[in-house]
Structures are given as structure tokens and as C-alpha cells.
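*Asks:* I have a structure here, written as C-alpha cells, and I will follow up with some questions on it.
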């Protein structure tokens, strides 16, 4: 954890995992524009995470960089304990961290399978569990999980990714039941084909399904459009929305 911030009275605090670039960065900026202080989580992309913190601070927003491995439940608990110690509160958790590598079924190793599910699914579970006490204290807490188009359509060469992202939908619905008594909403934003800069260590340069799927609106979405949907679900306008999947895909997928 770096740099001790100063919160304004009643200023809300958000944690965004995997927030060093692309959709995670856009979400952090969107929440900051809505007046929230933001904790940026990264596992290895420290320079990118610190750059986002600097962007937020330039906006006059209290921001922290927290380096933690969310696949380790002890490290997730440590991160949330440090957030609690510094901010004394957490109001929004965005489970965005993911890996999206592709490979033929026969070439996906046990380590590949476990690594993908660990970041996407285990990480979201461990962070949600560790964040529960702070979110309960908020009285208007919100969890937003970042899913994906192929969790609903399927796709070739990404059985591990599709499985992990589909699991997030189940996690969202289960958490919505468990956390509703504490006035914590839990929803999932499912982006479609979004224009991003892809890191070869965590995702395919050109996903296979991009060659076969076509948005009805005739273009790819932007990270900012995904972030705006997250900000709405995290804000006061969506307090009667929980357990839902919000598809942001330009009409690529029209299912429920």
C-alpha cells in the first residue's frame, strides 16, 4: 500500500482489481469522476498501477496502489485489512482481474486451467469474502463482477476462460442472496467486443470469437462504455438492482 489519502466526509471508497490498464483503469476513472476515492489493485503491473494512481490524484481524488495476489486468500484479506486501516471504509468492490489466454482444448494444461479459474473466480470470491465486513458497514455497499460475452455464447479455444466467466454469473447470483440482508447489491457487467490494448501474458492478441461475432451497432465498444455501466450499478440510482447481468455488447448477444 502506498500513500496515505485524506477522505472528504462521507466520501465513498471503491476497490478495483486488475486496474492497471484498459477496462480496469477506465472503471477506476469513472468511479473517481463520481466522487469516489479509489484503490487500484495489481499483482505484477506495478508501474501501470502507479500511473493510474497518478491520474486519479491529478483529478484531486484520494487514490492508493495496493499490490496483492487475489488468488491467495491470505493476501486478499491483507489487502482489505490495509484498506480498512487507511480509509476506515469500503463501499464498492469491482472484481475485474482476469486472464483470457486461448489454446486448443488438447493443449490446455492443468496449470492453465487452474490459473485462469484462480484469477477470475477464486479471486472474486476471496475479495468478496474479505470485503464483506467493510461493505456491511457501508450500509449501501455494491459488488460488481466483470464477466464476458463468451460466458453466454461459448467460444472455441477458451474453455477455461468461458468456464471461469460463466462461474462469475453463478457467484453473482449467490452473493446477491447472501448479502441482500446487509443492503449490499451484487451484479455482473458482461462486456462484449471492446477495443483494448491486450497484454500477451494475460490474453490473446486477437480472440478467435472476434472473427465470428458482429455487434449490431457496427463497431466495437470502448472501455469507457463498460466503465459507465459499472459506475451506474455502483451508484445510488441502482440500489434496487441486484443479482443481474448487464450486457454491454452493442447487440452482439441478445440473450437474457
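The values are calculated or read from the model by the stated rules, or taken from the named source; none is laboratory data. These figures come from a predicted structure and were not determined experimentally. Counting neighbours? That spans all protein chains shown, and the Cβs are built from the backbone with ideal geometry, glycine included.
*Asks:* Can you work out which of the residues in segment 230-248 that are farther than 20 Å from residue 170 by Cα and either crowded, with 22+ Cβ neighbours inside 10 Å or free of Cβ contacts under 8 Å to residues at least 12 places away in the same chain (or both) is nearest to the chain's Cα centre (by Cα)?
*Replies:* Among those that are farther than 20 Å from residue 170 by Cα and either crowded, with 22+ Cβ neighbours inside 10 Å or free of Cβ contacts under 8 Å to residues at least 12 places away in the same chain (or both), it is 231.
*Asks:* Which residue is surrounded by the fewest Cβ atoms within 10 Å (Cβ to Cβ), if the candidates are limited to segment 9-32 and must be in contact (Cβ under 8 Å) with a residue 24 or more places away in the chain and part of a loop (DSSP other than H, G, I, E, B)?
*Replies:* Across segment 9-32, the extreme among qualifying residues is 11.
To keep it simple, each residue is scored yes or no on (1) surrounded by fewer than 18 Cβ atoms within 10 Å (Cβ to Cβ); (2) in contact with a helix residue (DSSP H, G or I) (Cβ under 6 Å, 6 or more places away or on another chain); (3) in contact (Cβ under 8 Å) with a residue 40 or more places away in the chain.
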site: 87; (1), (2), (3): no, no, yes
site: 96; (1), (2), (3): no, yes, yes
site: 120; (1), (2), (3): no, yes, yes
site: 123; (1), (2), (3): no, no, yes
site: 129; (1), (2), (3): yes, no, yes
site: 135; (1), (2), (3): no, no, yes
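*Asks:* Follow-up question, since we're still on this one. Among the residues of segment 65-80, count how many are touching a residue at least 12 places away in the same chain (Cβ under 8 Å) and either more than 19 Å from the chain's Cα centre (by Cα) or closer than 26 Å to residue 238 by Cα (or both).
*Replies:* Qualifying residue count, segment 65-80: 1.
*Asks:* Taking segment 72-82, which residues are buried (at least 16 other Cβ atoms within 10 Å of the Cβ) and more than 27 Å from residue 190 (Cα to Cα)?
*Replies:* Selection gives 78 alone.
*Asks:* So, one more: Please tell me if residue 151 is more than 15 Å from residue 247 (Cα to Cα), buried (at least 18 other Cβ atoms within 10 Å of the Cβ) and modelled with pLDDT of 95 or more. Even if it seems obvious, please write down each step before you answer.
*Replies:* On the way: more than 15 Å from residue 247 (Cα to Cα): no; buried (at least 18 other Cβ atoms within 10 Å of the Cβ): yes; modelled with pLDDT of 95 or more: yes.
Judged against the criteria, residue 151 is not a match.
Rundown of residues vs (1) more than 21 Å from residue 119 (Cα to Cα); (2) surrounded by fewer than 22 Cβ atoms within 10 Å (Cβ to Cβ), yes/no style:
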| site | (1), (2) |
| --- | --- |
| 141 | yes, no |
| 156 | no, yes |
| 168 | no, no |
| 173 | no, yes |
| 186 | no, no |
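*Asks:* Next up: For residue 105, indicate whether it is modelled with pLDDT of 95 or more and over 28 Å from residue 14 (Cα atoms).
*Replies:* For residue 105, the condition - modelled with pLDDT of 95 or more and over 28 Å from residue 14 (Cα atoms) - is met.
*Asks:* Can you find even one residue in segment 11-28 that is at pLDDT below 95 and more than 24 Å from residue 167 (Cβ to Cβ)?
*Replies:* no
*Asks:* Name the residues in segment 33-56 that are in a strand (DSSP E or B) and more than 23 Å from residue 8 (Cβ to Cβ), would you?
*Replies:* Of everything in segment 33-56, just one residue is in a strand (DSSP E or B) and more than 23 Å from residue 8 (Cβ to Cβ), namely 42.
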